[in-house]
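The values are calculated or read from the model by the stated rules, or taken from the named source; none is laboratory data. Not measured: the values here are computed from a predicted model. When we count neighbours, we look across all protein chains shown, and the Cβ atoms used for this are built from the backbone with ideal geometry, even at glycine.
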Amino acid sequence: MNLERRSLLKGMALGSLAGMTLGGPGLALARNIGGAAATQPALVLVAPAVVGSAFLQGIAASPAGAHAEVLRSDASLAFVRELQRRLETGRPQRIVGLLDDASAALVVDLARSAGARVQWLGEHSADARASRHRLITADAAHGHALQLGLQLDACGAGFDLREQCPLGSRQPLRLGAATRSAGSAEQWATTLGYGLAALGEREPAPAPLVAGHPSPLAGHFVSFSIQA
């Protein structure tokens, strides 16, 4: 993929984030309903690069995500139709995922059209040295960005994390740490998957530590939790 095309796709994902930040009419952020139980994810969308990664290990390790169906995203019309069908069933369901920029922009746009609510939207970039996270969250995701940062710090991973909550009263969050453990490059993906599966739980348990992979998940990704 050339630089011009990659910049275009990144701009699409950033546009979705900006729309949420500015309170645009197209995308609703889910507010937390007092006393409501957390909804377990019914569907996990992953980019081809994420298949078999630590992200799915984190999803599977969570009791909330153990029975979720995994669907690999692609640019086909069949994928779009299947996602539209699921969004328009009228049944309460939660969809989480980790996709490339263009696919995530498409999913968010389809969710917007179906009237679904976004609880969490994050941009992630990672390499063998550290990971960077830019998160926009609703009240339903309160505490999960902090949990992500604390767990990454506890395992010695290098990271930089920033969170905004446009519809809540919480102050922006910023956390970061230098790398202290060479084997922690992919822990961000495990902790992210585990946390997205458990989103809405009051006191989620810590994510499991992941064994180092020969080729840790690296690149630029967008994560989300959508309540349909």
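Restricting the range 62-102 to residues that are farther than 25 Å from CYS165 by Cβ and hydroxyl-bearing (Ser, Thr, Tyr), the residue that is modelled with the highest pLDDT is SER73.
Taking the range 181-222, which residues are at pLDDT 75 or above and among the aliphatic types (A, V, I, L, M)? ALA182, ALA185, ALA189, LEU192, LEU196, ALA197, ALA198, LEU199, ALA207, LEU217, ALA218, VAL222, listed by residue number. For the range 61-102, a tally of residues being free of Cβ contacts under 8 Å to residues at least 60 places away in the same chain and of a type in the set (Gly, Ala, Ser) returns 6. Checked against the criterion of being surrounded by fewer than 17 Cβ atoms within 10 Å (Cβ to Cβ), over 15 Å from the mean Cα position of the chain (by Cα) and among the hydroxyl-bearing types (Ser, Thr, Tyr), the range 34-47 has no qualifying residue.
LEU43 falls short on exactly one of the conditions (1) aliphatic (A, V, I, L, M); (2) touching a helix residue (DSSP H, G or I) at 6+ places or on another chain (Cβ under 7 Å); (3) in a helix (DSSP H, G or I); (4) more than 21 Å from TRP188 (Cβ to Cβ), and that condition is (3).
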